[in-house]
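Asker: I'd like to ask some things about the structure below.
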DNA sequence: AATAAAAATGCAAACGTTTTCATTTTGAAA
DNA sequence: TTTCAAAATGAAAACGTTTGCATTTTTATT
C-alpha cells in the first residue's frame with residue numbers, strides 16, 4: 001500500500017524518483033547533473049526525459065551539504081535604494097546568473113554592527129563567497145569569514161596594499177581628478193559637500209584626494225564651506241539652498257553624484273544658472289548624471305565593470321582557491337567634463 | 001590520534017562540537033536555537049557560552065534539509081538598476097532581515113523565459129516563498145511553484161480578481177488619476193510616452209487607465225503622439241527632444257517617472273519652461289521626483305509599503321499556509337500635484 | 001575469441017542538522 | 001520519604017544529495 005516511501009512530500013519528485021523512472025541508480029542521475037560527460041548518450045537521454053516528465057528540480061541544499069558549494073554568493077552594500085550601487089549590483093547579479101549561481105543581497109545603512117549580523121546570517125546559509133563594499137568592516141565579521149575560508153572581496157574602493165583582495169577604483173584619485181579639474185578652471189572659492197566619512201572609506205579617500213590637491217594649490221577652504229551632507233537628493237538640495245542663500249562660492253565639489261544632483265536642483269530653484277553662476281562637480285557618474293541639464297561634470301567609476309569583476313573574482317576564488325591575476329583589480333577612472341563646470345570668468349564667484 | 005572525527009573540515013565547529021563543550025547532546029543544542037524555552041536556564045547559558053567560545057555558526061542548509069524551511073525568500077524583478085523598484089526592494093529586504101530571513105534577488109529584464117529560468121534556479125535553493133512583479137508570468141514557472149507549494153505573491157500591480165495573491169496598487173487607477181488631472185487642467189493636446197506593454201501588465205494597466213479617461217472626455221490622440229519609450233532617462237530625453245522639435249503638445253503623460261525625468265531634461269535642453277510651455281506628468285513618485293525643478297506631478301505608488309507588505313504576506317503564508325487578511329493588499333494611490341503641470345492658458349499648446 | 005584496460009554504473013556511507021520517541025530528572029503532592 | 005506527572009534531555013533515524021570504491025559493461029588489442 002505505501003510503496004511511495006521514497007516520494008518526497010508535497011508531490012515534488014526527488015532524485016530517487018527520477019532514477020527509478022530512468023531505470024538507473026540515483027548516483028547516475030546525480031552525475032547527469034554534475035558531470036554529464038561521464039554518462040553515455042542513451043543513459044543521458046533517458047534521464048533527461050525522466051527528469052522532464054516528472055518535473056524534477058534538484059535540491060542544491062542537499063548537495064551543498066555533501067560537497068562544499070551552495071552556489072550562492074553574498075553581496076552586502078550600504079544601501080540598495082540609491083543609484084550609487086544599483087548598476088554594480090545588477091552587473092554582479094547578472095554575472096552570477098550566467099554561471100548558474102544566485103545572489104543573496106542585504107543592506108546595512110552604514111551600520112557596521114548590522115553588517116556583521118548580516119555576514120553571520122549569510123554564513124548560516126553557506127555562501128560560496130561574499131563581496132563587501134569598502135575596507136571598513138567589523139573585525140568579528142572578518143574573523144568569521146576567514147575561519148570558514150569563505151572568499152571575500154572588497155569592492156568599490158581600491159588600494160594597492162589592501163589586506164583584502166579588492167576590486168574597485170582609487171577613490172583618492174577620483175577626488176584628485178575632480179579637484180584638479182575644478183582648480184584648473186580657475187576656481188578658488190570652493191565649497192565641499194561630502195557625506196559622513198565615519199565607516200565610509202570611499203568618502204574619506206575622496207575627501208583626502210580633494211584636500212590634497214587644494215593644499216598643493218595653496219587653496220584653503222573655510223570650515224563653513226566643508227559641509228556634511230547625506231546621500232539624498234532632497235536633503236542635498238535643501239542643504240545647498242541654505243548654503244547658497246548666505247554664501248556664494250564659485251564651485252561646489254560634491255562627494256558623489258547624488259549630492260551633485262541635489263545641488264543642481266537647488267540652483268534651478270534659486271534661479272542660478274549652472275555653470276555661469278556656479279560650477280557643480282560630482283563623483284561617480286551613474287546613469288542619469290549625463291542627462292541632467294547641463295550634464296554633470298564628474299569622475300566616472302565603472303560600476304558595471306566592478307560588479308562583473310567582483311563576481312568573477314569570487315567565482316575563481318571559490319572554485320580554485322586562488323585569486324585571478326591581477327591580484328587586485330584597479331579599475332580605471334576618467335574625468336567626464338560636461339556642462340556643469342566652466343572656467344571661472346570675472347562675473348562670477350563670491 | 002584522529003579523535004577529531006566530528007570536527008568539520010576547515011576548522012569550523014559543528015553542533016556536535018558545541019554539544020560536547022557544553023556537556024549536552026546535539027539535540028539540546030539544536031533546541032537552544034529552535035525552541036530555547038524548552039531548556040532550563042543553566043543549560044541555556046552553558047550552550048550559549050560554548051557556542052560563543054567556539055565561534056559556532058549554525059548551518060541552516062542542514063536544518064532545511066530536515067524541516068522544510070531555508071529562511072530565504074526570492075524576489076524577481078524586471079530590473080534592479082532602476083529607481084523604479086529600488087525602494088521596494090530595499091524595504092522587502094529589510095523586512096526579511098528583521099525576521100532573520102534573507103533575500104535572494106534576480107532581474108530578468110522583462111524576459112519571461114529568463115524569469116522562468118530564475119524561478120527554477122531559486123527553487124533549487126529551496127526558497128520559502130517568492131515575490132514576482134506583476135501578473136505576466138510563464139505558465140511553466142507558475143506550475144513549478146504550485147507543484148511545490150511555494151508561496152507566491154504578485155507585487156506592484158493590483159487587481160481584485162487576480163489569480164495570485166497580490167500586493168500592490170491599481171495601476172489602471174494610477175493612469176486614470178494622472179489623466180484626470182491633466183485633462184482637468186484643460187489639456188487636450190496630449191502626448192503619451194509609455195514603455196513597451198509586452199510582458200508588462202503595469203504599463204498596460206496604466207495606459208488603459210489613461211486612454212479610458214481620454215475617451216470619456218472625447219479626446220483623441222494621434223498615433224504619432226503615442227510613443228514607445230524605454231525605462232531610461234537618457235533615451236527618454238532623446239525621444240522627447242525629437243518629438244518636441246517637430247510637435248508641441250501642451251502636456252505629456254509619461255508611463256513612469258523615469259521617463260518623465262527624461263522629458264523634463266529635454267525641456268531644459270530645448271529651453272522650454274515647464275510648466276509654462278509644457279506640462280509633464282509621471283507615474284510612480286520615487287525618490288527624486290519631488291526634488292526636480294519644478295517638482296514632478298505624478299501619482300504616488302507606495303513602493304516601501306508594497307515591499308513591506310509583500311514580505312509580511314510571504315512570511316505569513318510560509319509559516320501558516322494562510323493568507324493574512326485582507327487577502328489581497330490594495331495599496332492607496334495619491335495624486336501628487338507639483339510644479340510640472342499647470343492649467344492650460346492661451347499662450348501655450350500646439 | 002580471449003584478455004586487458006577503460007568506461008559506465010551501482011552501492012552505501014557521508015554531509016550537519018532536526019525531531020520523534022524514549023529516558024532521565026525535577027518538582028509537587030501525598 | 002514516596003509517587004507521579006511534567007519538564008528536560010538524550011539516542012537515533014531521517015532529510016536528499018554526492019562521491020569513493022566496487023562492480024559491471026564496453027572497447028581495444030592480440
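The values are calculated or read from the model by the stated rules, or taken from the named source; none is laboratory data. Not measured: the values here are computed from a predicted model. All Cβ positions, glycine included, derive from the backbone under ideal geometry; neighbour counts span all protein chains shown.
Asker: When you scan the range A:92-100, do you find a residue that is within 12 Å of the chain's Cα centre (by Cα) and either modelled with pLDDT of 95 or more or within 25 Å of residue A:283 (Cβ to Cβ) (or both), even just one?
Answerer: yes
Asker: Filter the range B:287-314 down to the residues that are assigned to a loop (DSSP other than H, G, I, E, B), surrounded by 21 or more Cβ atoms within 10 Å (Cβ to Cβ) and touching a strand residue (DSSP E or B) at 6+ places or on another chain (Cβ under 9 Å) and list them by number.
Answerer: Listed by number, the residues that qualify are B:296, B:301.
Asker: Could you tell me whether residue B:15 is crowded, with 18+ Cβ neighbours inside 10 Å, on the phi < 0 side of the Ramachandran plot, over 37 Å from the mean Cα position of the chain (by Cα) and near DNA strand C (Cβ under 7 Å from one of its atoms)?
Answerer: yes
Asker: Answer yes or no: is there a residue in the range A:226-238 that is in contact with a strand residue (DSSP E or B) (Cβ under 6 Å, 6 or more places away or on another chain), in a helix (DSSP H, G or I) and surrounded by 24 or more Cβ atoms within 10 Å (Cβ to Cβ).
Answerer: No, the range A:226-238 contains no residue that is in contact with a strand residue (DSSP E or B) (Cβ under 6 Å, 6 or more places away or on another chain), in a helix (DSSP H, G or I) and surrounded by 24 or more Cβ atoms within 10 Å (Cβ to Cβ).
Asker: Return the total of residues in the range B:115-163 being within 16 Å of the chain's Cα centre (by Cα), within 13 Å of chain A (Cβ to nearest Cβ) and within 21 Å of residue B:320 (Cα to Cα).
Answerer: 1
Asker: Applying the selection to the range A:130-167, what residues are crowded, with 21+ Cβ neighbours inside 10 Å and at positive phi?
Answerer: Selection gives A:134, A:156.
Asker: So is residue A:85 more than 9 Å from every other protein chain (Cβ to nearest Cβ) and in a loop (DSSP other than H, G, I, E, B) or not?
Answerer: no
Asker: Can you name the number of the only condition in (1) within 25 Å of residue A:145 (Cα to Cα); (2) away from DNA strand C (no atom under 16 Å from the Cβ); (3) within 10 Å of chain A (Cβ to nearest Cβ) that residue B:73 fails?
Answerer: Here residue B:73 clears every test but (3).
Asker: Condition check: without any contact (Cβ under 8 Å) to a residue 40 or more places away in the chain, at the interface with chain B (Cβ under 9 Å from one of its Cβ atoms) and either within 16 Å of DNA strand D (Cβ to nearest atom) or not in a helix (DSSP H, G or I) (or both). Does residue A:50 satisfy that?
Answerer: Details: without any contact (Cβ under 8 Å) to a residue 40 or more places away in the chain: yes; at the interface with chain B (Cβ under 9 Å from one of its Cβ atoms): no; either within 16 Å of DNA strand D (Cβ to nearest atom) or not in a helix (DSSP H, G or I) (or both): yes.
It is false that residue A:50 is without any contact (Cβ under 8 Å) to a residue 40 or more places away in the chain, at the interface with chain B (Cβ under 9 Å from one of its Cβ atoms) and either within 16 Å of DNA strand D (Cβ to nearest atom) or not in a helix (DSSP H, G or I) (or both).
Asker: Say whether the condition of being within 14 Å of chain B (Cβ to nearest Cβ), surrounded by 13 or more Cβ atoms within 10 Å (Cβ to Cβ), within 8 Å of DNA strand C (Cβ to nearest atom) and modelled with pLDDT of 95 or more is met by at least one residue in the range A:32-46.
Answerer: No, the range A:32-46 contains no residue that is within 14 Å of chain B (Cβ to nearest Cβ), surrounded by 13 or more Cβ atoms within 10 Å (Cβ to Cβ), within 8 Å of DNA strand C (Cβ to nearest atom) and modelled with pLDDT of 95 or more.
Asker: If you don't mind, another one. Report yes if residue B:101 is surrounded by 19 or more Cβ atoms within 10 Å (Cβ to Cβ), more than 7 Å from chain A (Cβ to nearest Cβ), within 16 Å of DNA strand C (Cβ to nearest atom) and touching a residue at least 60 places away in the same chain (Cβ under 8 Å), otherwise no.
Answerer: Numbers: surrounded by 19 or more Cβ atoms within 10 Å (Cβ to Cβ): yes; more than 7 Å from chain A (Cβ to nearest Cβ): yes; within 16 Å of DNA strand C (Cβ to nearest atom): yes; touching a residue at least 60 places away in the same chain (Cβ under 8 Å): yes.
Criteria met by residue B:101.
Asker: On to the next question. Does residue B:29 qualify as being surrounded by 19 or more Cβ atoms within 10 Å (Cβ to Cβ), in a helix (DSSP H, G or I), modelled with pLDDT of 95 or more and within 8 Å of DNA strand C (Cβ to nearest atom)?
Answerer: Considered against the rule, which asks whether it is surrounded by 19 or more Cβ atoms within 10 Å (Cβ to Cβ), in a helix (DSSP H, G or I), modelled with pLDDT of 95 or more and within 8 Å of DNA strand C (Cβ to nearest atom), residue B:29 comes out as yes.
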